[in-house]
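Student: Have a look at the structure that comes next, please.
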Amino acid sequence: MKPSSLRIVARPCLRAASSRAIAFRFFSASRIIAKFDASYDVVVVGSGCSGLTTAIVCAKHGLKVLVVEKTQYFGGTTAYSGGGAWVPNNRHQPAIGVKDSAEQADIYLHNVLGDLWDEKVPVYIESAPKMVEWVEENSALKFKPVPLPDYHYSIEGASVGRTILTSEFNGRQLGKMIKQIRYPLQGYSAFGTMQADPAELAYLTNPFSSLSNFTKATTRALGYLSDLVRFGKGAYMCNGNAIVGSLLYSGINLGVTFWNHSPALSSILDGSKVVGIEVLHDGLAQKIEAKKGIVLASGGLARAPEARKYIPNEWGASVNGGTGDGKRIALESGGVMPPPNPDNAIYAPISLLNKGKGPIRRFPHFAIDRAKPGSVIVGLDGKRFASESQPYQEFVSAMHKKGIKKAYFIGDKKFLRKYGMGMALPWPYPIFNLKRQGYLVSAPTLTELAEKIGVPADTLTETVANMNKYSETGVDPEFNRGGNVYDRFYGDAAVKPNPSLGKCETGPFYALAVYPGNVSSLYGLKTGYNSEVLNAEGKPIEGLYAVGLDQNSVFKGTYPGGGSSIGPGMTFAYRAGMKISGDVA
């Protein structure tokens, strides 16, 4: 490599850059670069599950790796997520009595995708199970099976258990670095940072129902208090936080270097080859050599100004750092974007908590609460518009099609105490502040509740009365709620005859405003089989890779099952790491 041929692609600097860095940037763009400030084999931009996966694959192969994170916290949107990965034919399915195959997955995806079929789909089907095996055998991350059906359960090739969840991780192993991991969303933890696996909710929400429940709940609470004193937050990590914690821990043990507060500014090119990257670190723009490659894993573009071109103008629950840095850097380096997908985001109904000070907090209602029996979701006309239990992508798609900008999630006293509603956790957790802040609206009767939220009282009363009748017959003639295996999975098995239908009749009644929203983008860069960023001619740009949300969805925006973002994200990150390391995925 000849130093005289190196160049930095110029671009407007980030607001966070100091005046000294700004002057350096524009001066650098017009002069010959004589040297780098630091040298690594691989630099990963972003610290969600995809970036961390590539980092540990490369580090495990003996490469020197740097991970740069734009924000204060490591973990990206992964840290907010439920931590599920959609992986067909995975090693955990037999444990729940499921026999899957690559052929069956191929049939299912052909049926789901139709004309959106991508040539990388067979690569994904083959590599995803290998990724799970490699990660579990070479890192602290462990998965566990769950009998969740595919979202398109009635289509040929559908199966159960392709969504695997993340096992809990003891964050105490991270020491003080645990404070640098992104906090879970409010409502997915109690008392701020006390996390819980879904399997633990049975005893955490019923601590006084038995001596066993009381003992388990007390033990968890005491452990949490101990962690607060020691670390300033809970150290028991679940769901997406567990993915981040376990991979970060593995990376540290493998010698990976981690920088936070370090946004990536521009790529450094030698001709058409990417040989380094400029990063703002400790207030200075630093030129970092990447001998084997730059991996873009910056979290997509859901918070970028141009996102409105591709994603409906609605509330988003992704992290603030996902402003399209990966896209920008790749385009400056010769990369291209494919045609937009029919859907360019993962949709979910979202509720909002506005405390008056600080940012508005957002809660994505995936399935845990709205799918439970006794809930009703109505539009401003007081009528239902879809099955409350259907997958989040489809539920919000129904809101889009029917022009519903705001809806109300309705439950009664028994429902709230047993299942919770968004950030309002089940009993015995307090809800006073959420009512005072206007997040949760309550009234003694449905008529009074309707008046408070501005929907027709007679219509709402009739809607709820109909749902109460459906709960007795077990049949929802309007939207067939509970009439399929997916709905029943997220219902309450103890409720008969339909685990998805229950009565809403015991005051006080509660209402929670929900809006069509998204939790991440799905539109990203055009890439090859090993996540190489491709140019306009379809050829790989040497030294540049894109994974996770920076890479266009292999499913072109469709959603085959829970974890259809994390599964492909980690799989193609694994393939990128193997390619960079000279191994075979």
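Student: Answer yes if at least one residue in the stretch 510-527 is of a type in the set (D, E, K, R) and in a strand (DSSP E or B), and no otherwise. Please lay out each step first, then the result.
Tutor: Quick first cut of the stretch 510-527, residues of a type in the set (D, E, K, R) only: 526.
Restricting the remaining residues to those that are in a strand (DSSP E or B) gives none.
Scanning the stretch 510-527, I find no residue that is of a type in the set (D, E, K, R) and in a strand (DSSP E or B), so the answer is no.
Student: Report the residue count in the stretch 385-410 for those that are part of a loop (DSSP other than H, G, I, E, B), among the charged types (D, E, K, R) and surrounded by fewer than 19 Cβ atoms within 10 Å (Cβ to Cβ).
Tutor: Within the stretch 385-410, the subset part of a loop (DSSP other than H, G, I, E, B) is 385-391, 402-406.
Filter once more, keeping what is among the charged types (D, E, K, R): 388, 402, 405-406.
From the residues that got through so far, the ones that are surrounded by fewer than 19 Cβ atoms within 10 Å (Cβ to Cβ) too are 402, 405-406.
Qualifying residue count, the stretch 385-410: 3.
Student: Being under 21 Å from TYR392 (Cα atoms) and not hydrophobic (A, V, I, L, M, F, W, C) is the filter; apply it to the stretch 146-156 and report the residue that is surrounded by the most Cβ atoms within 10 Å (Cβ to Cβ). Full working, then the answer.
Tutor: As a first pass, look at the stretch 146-156 and keep what is under 21 Å from TYR392 (Cα atoms): 146-155.
Among the residues that remain, those that are also not hydrophobic (A, V, I, L, M, F, W, C) are: 147, 149-154.
Details: PRO147: 13, PRO149: 21, ASP150: 28, TYR151: 22, HIS152: 20, TYR153: 16, SER154: 10.
So the residue we want is ASP150.
So that you can scan it fast, the table gives a plain yes or no per residue for (1) within 30 Å of LEU63 (Cβ to Cβ); (2) in contact with an Asp or Glu (Cβ under 7 Å, 6 or more places away or on another chain); (3) surrounded by fewer than 22 Cβ atoms within 10 Å (Cβ to Cβ):
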site	(1), (2), (3)
MET237	yes, yes, no
GLY245	yes, no, no
GLY255	yes, no, yes
GLN286	yes, yes, yes
LYS291	yes, yes, yes
GLY299	yes, no, no
PRO305	no, no, yes
ILE311	no, no, no
SER318	yes, no, no
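Conditions tested, residue by residue: (1) within 29 Å of GLY316 (Cα to Cα); (2) in contact with a Leu (Cβ under 6 Å, 6 or more places away or on another chain); (3) not in a strand (DSSP E or B).
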residue: GLU472; (1), (2), (3): no, no, yes
residue: SER553; (1), (2), (3): yes, yes, yes
residue: LYS556; (1), (2), (3): yes, yes, yes
residue: ALA573; (1), (2), (3): yes, no, yes
residue: ALA576; (1), (2), (3): yes, no, yes
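Student: Among residues belonging to the stretch 122-139 that are among the aliphatic types (A, V, I, L, M) and crowded, with 20+ Cβ neighbours inside 10 Å, point out the one that is farthest from the chain's Cα centre (by Cα). Before the answer, list the steps.
Tutor: Of the stretch 122-139, the ones among the aliphatic types (A, V, I, L, M) are 123, 125, 128, 131-132, 135.
Filter again for crowded, with 20+ Cβ neighbours inside 10 Å, leaving 125, 128, 131-132, 135.
Working: ILE125: 21, ALA128: 18, MET131: 19, VAL132: 18, VAL135: 19 Å.
Here the answer is ILE125.
Student: Here's another thing I want to ask about it. Just checking, which of LYS233, LYS216 is basic (Lys, Arg) and under 23 Å from the mean Cα position of the chain (by Cα)?
Tutor: Details: LYS216 fails: under 23 Å from the mean Cα position of the chain (by Cα).
When all the criteria are applied, what remains is LYS233.
Student: Tell me, yes or no, whether the stretch 357-369 has at least one residue that is at positive phi and crowded, with 17+ Cβ neighbours inside 10 Å.
Tutor: Checked the stretch 357-369: no residue is at positive phi and crowded, with 17+ Cβ neighbours inside 10 Å.
Student: Next question, about the same structure. Looking at (1) outside any loop (DSSP other than H, G, I, E, B); (2) at pLDDT below 95; (3) over 16 Å from GLY567 (Cα atoms), can you tell me which one THR77 breaks?
Tutor: Here THR77 meets the rest and fails (3).
Student: Name the pairs: first residue in the stretch 100-114 and closer than 9 Å to PRO88 by Cβ and touching a residue at least 60 places away in the same chain (Cβ under 8 Å), second residue assigned to a helix (DSSP H, G or I) and of a type outside the set (Ser, Thr, Tyr), Cβ to Cβ under 8 Å, at least 6 apart or on different chains?
Tutor: Final answer for the pair search is ASP100/GLN93; LEU109/VAL121; LEU109/ILE125.
Student: Taking the condition farther than 24 Å from VAL67 by Cβ and of a type in the set (Phe, Trp, Tyr), does TYR153 pass?
Tutor: Numbers: farther than 24 Å from VAL67 by Cβ: yes; of a type in the set (Phe, Trp, Tyr): yes.
Here the answer is yes, as TYR153 does meet what is asked.
Student: Please specify each residue of the stretch 474-495 satisfying the condition of being out of contact with any Ser or Thr (no Cβ under 6 Å at 6 or more places or on another chain) and not in a helix (DSSP H, G or I).
Tutor: GLY474, VAL475, ASP476, PRO477, GLU478, ASN480, GLY483, ASN484, ASP492, ALA493, ALA494, VAL495
Student: Being assigned by TED's automatic domain parsing to the domain that holds ALA511 and under 26 Å from ILE346 (Cα atoms) narrows it down to one of GLY483, GLY438, GLY474, GLY454, so name that one. Quick ask: steps written out before the conclusion?
Tutor: Working: GLY438 fails: under 26 Å from ILE346 (Cα atoms); GLY474 fails: under 26 Å from ILE346 (Cα atoms); GLY454 fails: under 26 Å from ILE346 (Cα atoms).
Answer to the check: GLY483.
Student: Now for a different question. If I ask for residues that are of a type in the set (Phe, Trp, Tyr) and either within 27 Å of ILE368 (Cα to Cα) or in a helix (DSSP H, G or I) (or both), which ones from the stretch 115-152 would you list? Even if it seems obvious, please write down each step before you answer.
Tutor: Within the stretch 115-152, the subset of a type in the set (Phe, Trp, Tyr) is 117, 124, 134, 143, 151.
Across the stretch 115-152, the qualifying residues are TYR124, TRP134, PHE143, TYR151.
Student: While we're here: Are any residues in the stretch 297-315 touching a Lys or Arg at 6+ places or on another chain (Cβ under 8 Å) and outside any loop (DSSP other than H, G, I, E, B), and if so, which ones?
Tutor: Hit for the stretch 297-315 is TRP315, nothing else.
Student: Look through the stretch 70-106, keep the residues that are small (Gly, Ala, Ser) and surrounded by fewer than 24 Cβ atoms within 10 Å (Cβ to Cβ), and return whichever of them is farthest from the chain's Cα centre (by Cα). It would help to see each step written out before you state the result.
Tutor: Kept after step one, since they are small (Gly, Ala, Ser), are these residues of the stretch 70-106: 75-76, 79, 81-85, 95, 97, 101-102, 105.
In the following step, the residues that additionally are surrounded by fewer than 24 Cβ atoms within 10 Å (Cβ to Cβ) were identified as 82, 95, 97, 101-102.
Numbers: GLY82: 7, ALA95: 26, GLY97: 28, SER101: 26, ALA102: 25 Å.
Among those that are small (Gly, Ala, Ser) and surrounded by fewer than 24 Cβ atoms within 10 Å (Cβ to Cβ), it is GLY97.
Student: For the stretch 161-180, what are the residues that are of a type in the set (S, T, N, Q) and in a strand (DSSP E or B)?
Tutor: Scanning the stretch 161-180 gives THR163, THR166, ASN170.
Student: Would you pick out the residues in the stretch 274-284 that are assigned to a loop (DSSP other than H, G, I, E, B) and buried (at least 24 other Cβ atoms within 10 Å of the Cβ)?
Tutor: Filtering the stretch 274-284 for residues assigned to a loop (DSSP other than H, G, I, E, B) gives 282-283.
Listed by number, the list is empty, since nothing qualifies.
Student: Now, a different point. Taking interchain pairs and intrachain pairs at least six residues apart, which have beta carbon atoms under 8 angstrom, with the first residue in the stretch 209-232 and among the small types (Gly, Ala, Ser) and the second at pLDDT below 80 and part of a loop (DSSP other than H, G, I, E, B)?
Tutor: Short answer, once both residue conditions are applied: ALA217/PRO207.
Student: Next up: I want to confirm something. Restricting to the stretch 526-585 and keeping residues that are surrounded by fewer than 24 Cβ atoms within 10 Å (Cβ to Cβ) and among the polar types (S, T, N, Q), which single residue is farthest from THR78 (Cα to Cα)?
Tutor: Selected residue: ASN535.
Matching residues to (1) at pLDDT 95 or above; (2) over 16 Å from the mean Cα position of the chain (by Cα):
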{"site": "LEU141", "(1), (2)": "yes, yes"}
{"site": "LYS144", "(1), (2)": "yes, yes"}
{"site": "HIS152", "(1), (2)": "no, yes"}
{"site": "SER159", "(1), (2)": "yes, yes"}
{"site": "ASN170", "(1), (2)": "no, yes"}
{"site": "ILE181", "(1), (2)": "no, no"}
{"site": "LEU185", "(1), (2)": "no, no"}
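The values are calculated or read from the model by the stated rules, or taken from the named source; none is laboratory data. Note that the coordinates shown come from a computational prediction; the quantities given were computed from them, not determined experimentally. Glycine also receives a Cβ, built like all others from the backbone with ideal geometry; neighbour counts cover every protein chain displayed.
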